[in-house]
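Notes follow the structure.
The values are calculated or read from the model by the stated rules, or taken from the named source; none is laboratory data. The structure presented is a predicted model; accordingly, all values stated were derived computationally and were not measured. Using ideal geometry, Cβ is built from the backbone for each residue, glycine included, and neighbour counts are taken over all protein chains shown.
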Amino acid sequence: MLAAVCHGAKDVRVEPRAEHALAPDEVRVAVAFGGICGSDLHYYHRGAVGDFFVREPLTLGHEVSGVVVEVGSGVKGIETGIKAALDPARPCLTCHYCRAGRANLCTNMQFLGSAGRFPHVQGGFAQHLVLRQDQIVPVPKDTDLLRLSVAEPLSVGLHAVNRAGPLLGKRVLVTGSGPIGLLTARAARFAGAAEVVSTDVEDAALTVAKTQMGATRTVNVAREAGGLAEFEVDGGYFDVALEVSGAAVALASLFKVIRRGGRIVQVGMLPPGTAPVPVNVLQTREIEFVGAFRANDEFRRAVELIVSEAIDVAPILSGTYPLADAVAALERAGDRSKVVKLHLAINEGYR
Ligand SMILES: [Zn+2]
Ligand SMILES: [Zn+2]
């Protein structure tokens, strides 16, 4: 079987990889689509995400959907031939955090396509993928597998919103309108936010936010003079701010526009050691500053919302490349003036 494998910076090869036998609780899936994520782009361009460097060949990809082709001897309730959403997270299920219902914080997580541990966890831009049975979420046979592959990034947006607390009737700011920012804005509106203001430095992304992903207003913080200054009135306009851009300047701006007692959720990943948090403001205004990392049960919720079409993820789909053209897709995926999210068609012919 073929896979898109990162050997280092600017060195991704589509090449054969070995298959391995299933454990009793495992399932083999033919991957239909794989969404290209910011982390895949970091591996491609830098050979690393944050401090996690590629130290052995790493198959990229974690936003995947597919069809079950083989089930282990102990698997119940999953049959070959069914379509499925594929949860990229394989938590240990036994550590303190797993047992406390916060498996995204698992101390022994295996997450697809990640160099965060060694040996690396091989990813989903591969024609066949072996997962534990609880990572398989069966869906109806008429489900669109391309849209379904957005379940993982949507789950990140849903988790961020859950970390924000109840949003009904609230004024919400979302800084950054890449795929996660757009899905977070959509999730915030879905949760009942009265206003969702989305920011970015690209007009193309903001147009998608405003017209199709739930933003009630947008601000281009690169072009519009004053940026968010108008929201500084009365000590801050927003009840909640979700920082998705991963830009230090965006995080710094939030402490001027968040209300006293408001909450800031950090979703984007900032470069190590650069976070500008004015602790005196945080303290005297009782601002809550919390993190959001990946997702938990929100993955299954994301699958339900996509299958039921309660949330339409189509506006973030920017095109599909065959697996053989993975390098061309990775090159183009970074062009934010034209692309929101690109996908790889891993096994041709699946829909
Ligand atoms: Zn992702
Ligand atoms: Zn665990």
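Between a first residue in the range 298-319 that is within 24 Å of G101 (Cβ to Cβ) and not assigned by TED's automatic domain parsing to the domain that holds K341 and a second residue that is among the acidic types (D, E) and surrounded by 21 or more Cβ atoms within 10 Å (Cβ to Cβ), which pairs have beta carbons less than 9 Å apart while being 6 or more apart in sequence or on different chains?
Here the result reads F299/D87; F299/E152; R300/D87; A302/E152; V303/D87, each pair linking the range 298-319 to a residue that is among the acidic types (D, E) and surrounded by 21 or more Cβ atoms within 10 Å (Cβ to Cβ).
Go through the residues of the range 48-57 one by one and say whether even a single one is in a loop (DSSP other than H, G, I, E, B), surrounded by 20 or more Cβ atoms within 10 Å (Cβ to Cβ) and within 16 Å of ligand 2 (Cβ to nearest atom).
No - not one qualifying residue is present in the range 48-57.
Scan the range 113-160 residue by residue and report those that are within 19 Å of the chain's Cα centre (by Cα) and among the hydroxyl-bearing types (S, T, Y).
S114, S149, S155
Under the condition of being away from ligand 1 (no atom under 16 Å from the Cβ) and part of a helix (DSSP H, G or I), which residue from the range 98-113 is surrounded by the most Cβ atoms within 10 Å (Cβ to Cβ)?
This residue is A103.
Among the listed residues V121, V161, V150, V174, which satisfies the condition of being within 16 Å of ligand 2 (Cβ to nearest atom) and within 19 Å of F293 (Cα to Cα)?
Going through V121, V161, V150, V174 in turn, just one is within 16 Å of ligand 2 (Cβ to nearest atom) and within 19 Å of F293 (Cα to Cα): V121.
Being touching an Asp or Glu at 6+ places or on another chain (Cβ under 8 Å), surrounded by fewer than 19 Cβ atoms within 10 Å (Cβ to Cβ), closer than 26 Å to F53 by Cα and at pLDDT 95 or above, is that true of even one residue in the range 135-158?
no
Within the set of pairs 6 or more residues apart or between chains, which connect a residue that is in the same structural domain as Q266 (by TED's automatic domain parsing) and part of a strand (DSSP E or B) inside the range 180-196 to a residue that is away from ligand 1 (no atom under 16 Å from the Cβ) and among the basic types (K, R) with Cβ atoms less than 6 Å apart?
Listed pairs, sorted by first residue: E195/R171; V196/R189.
Only one of these is part of a strand (DSSP E or B) and either assigned by TED's automatic domain parsing to the domain that holds P138 or polar (S, T, N, Q) (or both): G34, G74. Name it.
Checking each option against the conditions leaves just G34.
Where residues in the range 49-76 are in contact with a strand residue (DSSP E or B) (Cβ under 9 Å, 6 or more places away or on another chain) and modelled with pLDDT under 95, which of them is farthest from P322 (Cα to Cα)?
Selected residue: F52.
Can you tell me which of H42, H7 is under 22 Å from L183 (Cβ atoms) and not in a loop (DSSP other than H, G, I, E, B)?
H42
Starting from the range 124-136, keep only residues that are of a type in the set (K, R), then list their pairs with residues that are assigned to a strand (DSSP E or B) whose Cβ atoms are within a distance under 8 Å, requiring at least 6 positions of separation or different chains.
Close Cβ pairs satisfying both conditions: R132/E26; R132/V27; R132/R90.
Kindly establish whether R332 is without any contact (Cβ under 8 Å) to a residue 40 or more places away in the chain, within 22 Å of A126 (Cα to Cα) and basic (K, R).
Yes.
Considering only the range 328-351, state which residues are touching a strand residue (DSSP E or B) at 6+ places or on another chain (Cβ under 7 Å), within 20 Å of K10 (Cα to Cα) and surrounded by fewer than 16 Cβ atoms within 10 Å (Cβ to Cβ).
Scanning the range 328-351 gives a single hit, A328.
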